[in-house]
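This report concerns only the one structure given below.
The values are calculated or read from the model by the stated rules, or taken from the named source; none is laboratory data. The shown structure was predicted, so the numbers you read here are calculated from the model rather than taken from an experiment. We place every Cβ from the backbone using ideal geometry, glycine too, and count neighbours over all the protein chains shown. To get the accessible areas, we keep the full protein, side chains included, count just its heavy atoms, and leave off ligands, DNA and RNA. Shrake-Rupley method; radii C 1.70, N 1.55, O 1.52, S 1.80 Å.
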Amino acid sequence: MRTDITAEQIKNKMAEFVRADSGKSADRGTLWDYWSALSRAVVDLLADDWEKTRDTYDVVRQEHYFSAEFLVGRSMLNNLVNLGIYEKAQEAVAAYGVNLTDVLEQESDPGLGNGGLGRLAACFLDSCATMNLPVTGYGILYRYGLFRQQLAGGFQKEVPDSWMESGYPFVVRREDERVKVHYNDFDVWAVPYDMPITGYGTRNVNRLRLWKPEPAQEFDFNLFNSQRFDDAVIERNRVNDIWRVLYPNDTSYDGKVLRVRQQYFFVSASLQDIVRRYKIAHGTDMSHFAEFNSVQINDTHPAIGIPELMRILVDENGVEWTDAWKIVTSVFAYTNHTVMAEALEKWDAGIFQYLFPRIFQIIDGINIQFRNELLAQKLPLSLIDELSPMMDGRVRMAYLSIYGSRAVNGVAELHTEILKRDTLKEWYRLWPEKFSNKTNGVTPRRWLRSCNPELSALITELLGSDAWVTDLDRLSELTPYAKDDRVMERFLAIKRGSKQRLAEYIFAKEGVEIDAESVFDIQIKRLHEYKRQLLNILYVLDLYHRIKADPTISLPPVTVIFGAKAAPGYFRAKAIIKFITETARIINTDPDIDGRIKVVFIENYNVSNGERMFPAADISEQISTAGLEASGTGNMKFMMNGAVTLGTCDGANVEIAEAVSDDNIYIFGCRVENMESTRAYYNPRWHYENIPGLKRVLDHLIDGSMDDGGTGMFRDLYNGLITGSNWQPADVFFVLGDFDDYRKVRDLVYHDYTDRLSWARKCWLNVANSGRFSSDRTISDYANEIWKITPSKI
Ligand code: 26Q
């Protein structure tokens with residue numbers, strides 16, 4: 001905690017920054033001026049510790065976390081809380097007649113990630129800083145983050161997210177540390193923009209280094225003078241293409257050449273940066289490089305680092321191939337985030353040949369070496385072909401990653417088991433020692449301490465200190481209070497307050513009135529068929545019909561909340577959004593329902609509105625088809641804030657169930673181990689015709705009662721579930737197969753909710769048992785078992 005900082009000091013710094021940046025006196029600033037000035041003041045106050053941290057880390061063994069995505073969310077509140085200067089900042093801005101909460105709202109959400117994978121990287125950075133671990137994040141400074149979602153007539157519309165157009169002081173340009181990245185067709189400068197990553201209760205300040213490309217060739221005046229202005233500008237545009245946009249795909253592979261260019265851009269720049277710093281600290285002998293440096297690749301997106309480090313070692317440092325390979329395979333470790341075949345990156349070899357022929361040559365060399373190695377072990381040629389990093393003119397990034405890494409991990413126990421038994425079983429047979437599990441976690445600073453200050457205060461009061469913020473297992477000491485009705489009443493009141501605030505937010509944003517006394521049943525995550533938002537909305541529609549048929553049905557009022565962005569080219573995902581908004585329109589306006597069910601689709605789900613929703617949830621929907629959600633991390637955020645999970649036996653839900661015991665979670669649906677045999681005789685049409693209620697809700701898609709604007713998307717949804725097509729069988733995600741069990745269990749959840757105190761106890765025990773889902777636990781495991789790094793406190 002920075003007890004040395006005073007409110008007066010913050011106020012004075014702000015005045016200077018307002019004057020310098022906007023040429024006006026501090027008392028005439030706008031809210032944005034104050035936000036900008038306060039953020040500059042925060043960076044200013046951090047600068048000395050930040051520099052000291054870098055110097056400290058540069059002489060010890062370090063980890064480098066390579067990720068195409070970092071979904072960091074807003075910085076200001078996090079930094080104020082970490083520095084322990086929230087109240088002082090409040091006082092400072094009050095002197096200018098404004099409210100700190102209004103100032104905080106000025107910050108745009110750096111949406112430099114799609115979903116789980118990007119947010120995981122951000123939670124990891126928070127834990128590393130908090131635990132004083134020498135870890136640096138490396139990625140791309142995207143000019144446009146993930147699109148902003150608007151709803152137009154219930155359809156998703158994408159709007160560019162220009163998050164840094166008017167300046168973002170939490171990234172600092174480091175001109176002096178730029179490096180050149182070489183492509184076959186042109187060179188670019190990579191200029192680092194550094195974001196300080198503060199930890200809780202420590203003065204260490206870690207770093208997220210985001211690269212921005214800039215033209216390396218001077219603006220071509222010859223072209224310009226010969227009137228070919230367009231050509232001169234086009235050259236610059238090709239450079240700008242590299243950082244223009246984050247690819248908005250989640251869990252699906254997209255073969256865009258530009259994406260490989262982006263990947264190489266940040267990976268090459270980062271490795272050059274690491275090698276340069278190594279030489280400054282340890283000299284030019286590269287044989288000790290792997291003793292001081294480790295690189296974690298977040299999925300296969302940075303896998304091109306494997307051949308790139310080979311190139312740097314062999315071509316630029318004269319290291320022999322065999323020695324270089326030893327170094328490379330001691331440096332890299334790879335995390336897998338999916339088992340879905342369509343998400344595995346497989347690039348045409350021609351792309352590499354065209355963009356960077358030398359990298360292609362090296363991949364070819366690695367491939368030949370791999371094949372020889374396996375041939376020497378007398379393995380059958382068919383198996384060798386099956387596993388080769390390059391085959392049939394394609395580079396398989398996952399296989400390149402496993403072969404080039406010393407460690408491979410999955411992100412939840414079940415997921416890792418599926419990798420070992422199924423997806424990567426031959427690799428596991430060859431190199432069992434490389435494989436391990438590292439169950440995901442989330443940072444309790446952002447996802448409990450900051451987003452839910454009321455619950456945090458209660459926890460601190462009961463535990464007698466705030467040590468739980470950095471030692472989340474201590475929450476288990478809350479267990480006995482489940483029997484204390486007075487504590488349960490206070491807990492319920494806190495939940496009620498969060499729900500009230502969310503209701504006000506929803507009314508302001510979406511114009512929908514919801515009842516804070518109703519059950520808040522929430523599903524927020526990327527829109528994907530395997531996550532089965534469709535199953536959720538089918539239940540809602542069925543419930544609607546059941547209430548209309550029998551208004552005496554006993555049921556608490558429910559508010560069903562969705563938040564989800566669909567990839568812009570994912571037609572069916574967009575159809576599901578429209579189906580949800582149509583259902584909402586019908587139900588919310590039906591006088592027969594009279595507010596007993598409300599359906600709300602929150603526009604533009606992101607980290608910041610997530611911070612409002614997790615604390616307000618009663619029920620956490622985690623209903624993916626078993627075996628397909630690698631882990632999930634939203635499930636953990638809900639649990640920490642005292643929501644009860646309604647979910648399938650999938651990803652980390654399995655471990656959540658283990659942690660809270662059967663009474664405090666609701667599990668339904670087909671299990672992974674039965675999926676294959678069940679599918680063998682699965683007939684969705686039979687379910688459609690025979691499961692009571694199913695036909696009634698599914699027919700809405702085709703009977704003209706719902707409007708898809710003439711797009712045919714509802715008919716497509718219907719066909720996808722019931723008839724299938726010549727390229728895909730019907731209902732591959734088993735929506736109709738799980739419907740009946742889901743309905744039964746969800747009805748039970750609503751029933752159980754009505755017993756206030758018994759429900760409160762379930763929620764409480766979720767909080768009390770959430771300790772193991774802190775990303776601090778995850779990061780300790782990575783640090784001890786894979787990274788082999790130790791804390792280095794400044
Ligand atoms: C790949 C190639 C080309 C274009 C885009 C992509 C791409 C981009 C992002 C592929 C996948 C992603 C993101 C995947 C992701 O977020 N996976 C989630 O990771 C979480 C953290 O481990 C898990 O909790 C989730 O279960 C998993 O879905």
Regarding segment 483-495, can at least one residue be identified that is of a type in the set (Lys, Arg), buried (at least 17 other Cβ atoms within 10 Å of the Cβ), touching an Asp or Glu at 6+ places or on another chain (Cβ under 8 Å) and assigned to a helix (DSSP H, G or I)?
yes
So how many residues does segment 386-423 have that are modelled with pLDDT of 95 or more, closer than 14 Å to residue 344 by Cα and within 16 Å of the ligand (Cβ to nearest atom)?
9
Going through segment 1-40 one residue at a time, which ones are among the hydroxyl-bearing types (Ser, Thr, Tyr), part of a loop (DSSP other than H, G, I, E, B) and either open to solvent by less than 60 Å² (accessible area, probe 1.4 Å) or in contact with a helix residue (DSSP H, G or I) (Cβ under 9 Å, 6 or more places away or on another chain) (or both)?
6, 25, 30
Determine if segment 529-544 includes at least one residue that is open to solvent by less than 10 Å² (accessible area, probe 1.4 Å), in a strand (DSSP E or B) and among the aromatic types (Phe, Trp, Tyr).
no
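Here is a yes/no grid of residues against (1) within 16 Å of the ligand (Cβ to nearest atom); (2) of a type outside the set (Ser, Thr, Tyr); (3) farther than 26 Å from residue 259 by Cβ:
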{"site": "68", "(1), (2), (3)": "yes, yes, no"}
{"site": "90", "(1), (2), (3)": "no, yes, yes"}
{"site": "97", "(1), (2), (3)": "no, yes, yes"}
{"site": "104", "(1), (2), (3)": "no, yes, yes"}
{"site": "113", "(1), (2), (3)": "yes, yes, no"}
{"site": "133", "(1), (2), (3)": "no, yes, yes"}
{"site": "157", "(1), (2), (3)": "no, yes, no"}
Can you pull out the helices (runs of 4 or more DSSP H) entirely within segment 181-289 that have at least 2 residues that are more than 16 Å from the ligand (Cβ to nearest atom), surrounded by fewer than 22 Cβ atoms within 10 Å (Cβ to Cβ) and modelled with pLDDT of 90 or more?
229-244, 257-282
Is it the case, given these coordinates, that residue 510 is open to solvent by 10 Å² or more (accessible area, probe 1.4 Å) and within 22 Å of residue 579 (Cα to Cα)?
yes
For segment 392-420, which residues satisfy the criterion of being more than 24 Å from the chain's Cα centre (by Cα) and outside any helix (DSSP H, G or I)?
392, 393, 394, 395, 404, 406
Looking at (1) within 27 Å of residue 188 (Cα to Cα); (2) more than 16 Å from the ligand (Cβ to nearest atom), which is the only condition residue 347 fails?
(2)
So residue 658 clears everything in (1) within 16 Å of the ligand (Cβ to nearest atom); (2) closer than 28 Å to residue 519 by Cα except one condition, right? Which one?
(1)
Unmet criterion (only one of (1) away from the ligand (no atom under 14 Å from the Cβ); (2) more than 12 Å from residue 522 (Cα to Cα)) for residue 645
(2)
Being open to solvent by 10 Å² or more (accessible area, probe 1.4 Å), within 25 Å of residue 636 (Cα to Cα) and either of a type in the set (A, V, I, L, M, F, W, C) or within 16 Å of the ligand (Cβ to nearest atom) (or both) is true for just one of 151, 117. Which residue is that?
117
Hits in segment 154-163 - residues which are surrounded by 15 or more Cβ atoms within 10 Å (Cβ to Cβ) and more than 20 Å from the chain's Cα centre (by Cα):
154, 155, 156
Which residues, counting only those in segment 423-446, are within 28 Å of residue 377 (Cα to Cα), assigned to a helix (DSSP H, G or I) and not aliphatic (A, V, I, L, M)?
423, 425, 426, 427, 428, 429, 432, 433, 434
Would it be correct to say that residue 793 is of a type outside the set (Asp, Glu), assigned to a helix (DSSP H, G or I), open to solvent by 20 Å² or more (accessible area, probe 1.4 Å) and modelled with pLDDT of 95 or more?
no
Would you say residue 650 is within 16 Å of the ligand (Cβ to nearest atom) and more than 21 Å from residue 542 (Cα to Cα)?
yes
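Could you tell me whether any residue of segment 590-602 is more than 16 Å from the ligand (Cβ to nearest atom), in contact (Cβ under 8 Å) with a residue 12 or more places away in the chain and within 30 Å of residue 254 (Cβ to Cβ)?
yes
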Just wondering, is there one or more residues in segment 43-62 that are in contact with a helix residue (DSSP H, G or I) (Cβ under 9 Å, 6 or more places away or on another chain), without any contact (Cβ under 8 Å) to a residue 60 or more places away in the chain, away from the ligand (no atom under 16 Å from the Cβ) and open to solvent by less than 40 Å² (accessible area, probe 1.4 Å)?
yes
May I ask you to say which residue of 747, 738 is out of contact with any helix residue (DSSP H, G or I) (no Cβ under 6 Å at 6 or more places or on another chain), open to solvent by 30 Å² or more (accessible area, probe 1.4 Å) and not aliphatic (A, V, I, L, M)?
747
Could you grab me the full set of residues in segment 143-161 that are closer than 22 Å to residue 190 by Cα and touching a helix residue (DSSP H, G or I) at 6+ places or on another chain (Cβ under 6 Å)?
143
Give just the number: which of (1) part of a helix (DSSP H, G or I); (2) on the phi > 0 side of the Ramachandran plot does residue 704 not satisfy?
(1)
Answer from 612, 596 - the residue that is under 20 Å from residue 499 (Cβ atoms), touching a Pro at 6+ places or on another chain (Cβ under 7 Å), among the basic types (Lys, Arg) and at pLDDT 95 or above:
596
Return yes when residue 294 is among the hydroxyl-bearing types (Ser, Thr, Tyr), out of contact with any Pro (no Cβ under 6 Å at 6 or more places or on another chain) and more than 14 Å from the ligand (Cβ to nearest atom) and no when it is not.
yes
Subset tally (residues that are small (Gly, Ala, Ser) and open to solvent by 10 Å² or more (accessible area, probe 1.4 Å)) for segment 386-397:
1
Taking residue 501 as the residue in question, decide whether it is among the charged types (D, E, K, R), open to solvent by 60 Å² or more (accessible area, probe 1.4 Å) and in contact with a Lys or Arg (Cβ under 8 Å, 6 or more places away or on another chain).
yes
Residue count for segment 324-373, restricted to those that are surrounded by 23 or more Cβ atoms within 10 Å (Cβ to Cβ), among the hydroxyl-bearing types (Ser, Thr, Tyr) and not in a strand (DSSP E or B)
1
